[in-house]
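> Here you go, one structure.
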Amino acid sequence: MIEQEIRRLKDRISELNEKILPQLEHRTEFLYTQILPLPKGSNERESLEQEYSVLSKELRMRSDERLSALQQADNLEAELTRRNARPNLLRR
């Protein structure tokens with residue numbers, strides 16, 4: 001059961017690292033370069049700034065999700081190591 005949860009977390013971490021985070025980073029960087037040259041207060045700039053704000057928030061949330069998943073996977077791996085070590089200690 002712990003092994004399955006570790007696998008699930010590692011799969012999600014891989015998906016975040018390889019697909020989701022790079023796409024969000026690319027899109028926010030692209031929007032930023034589009035926003036800079038536009039005059040402040042223009043409708044186009046405000047629209048792009050709103051989109052940038054939404055994407056930046058999503059990027060932070062997914063980054064936090066990645067860190068949480070890494071921590072959970074590490075904790076589960078430590079628990080699994082402890083569980084596997086206990087029978088050996090009892091045999092001695």
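Bear in mind these aren't lab numbers, they're just calculated from the coordinates by the rules spelled out. On a predicted model such as this, the values are computed, not experimentally measured, just so you know. Note: ideal-geometry Cβ built from the backbone for every residue, glycine included; neighbour counts use all protein chains shown.
> Quick one: compute the contact order of the stretch 23-92, relative version, from alpha carbon pairs under 8 angstrom and 6+ residues apart, as a percent.
RCO, the stretch 23-92: 29 percent.
> Which value, in debye to the nearest 20, describes the size of the charge dipole of the chain about its Cα centre when Lys and Arg Cβ atoms bear +1, Asp and Glu Cβ atoms bear -1, and nothing else is charged?
That gives a dipole near 720 debye.
> Can you tell me how much longer the chain between L67 and E46 gets when fully stretched, taken as 0.36 nm per residue apart minus their C-alpha distance, in nm with one decimal?
Fully extending the segment from L67 to E46 adds 4.4 nm.
> With the radius of gyration and the Kirkwood radius both derived from the Cα set of the stretch 22-92, what is their ratio Rg to Rh?
1.46
> Once you have a ≥ b ≥ c as the square roots of the Cα gyration tensor eigenvalues for the stretch 12-58, tell me rounded if a/c is under 1.5, and otherwise prolate or oblate according to whether a/b is larger than b/c.
The shape class here is prolate.
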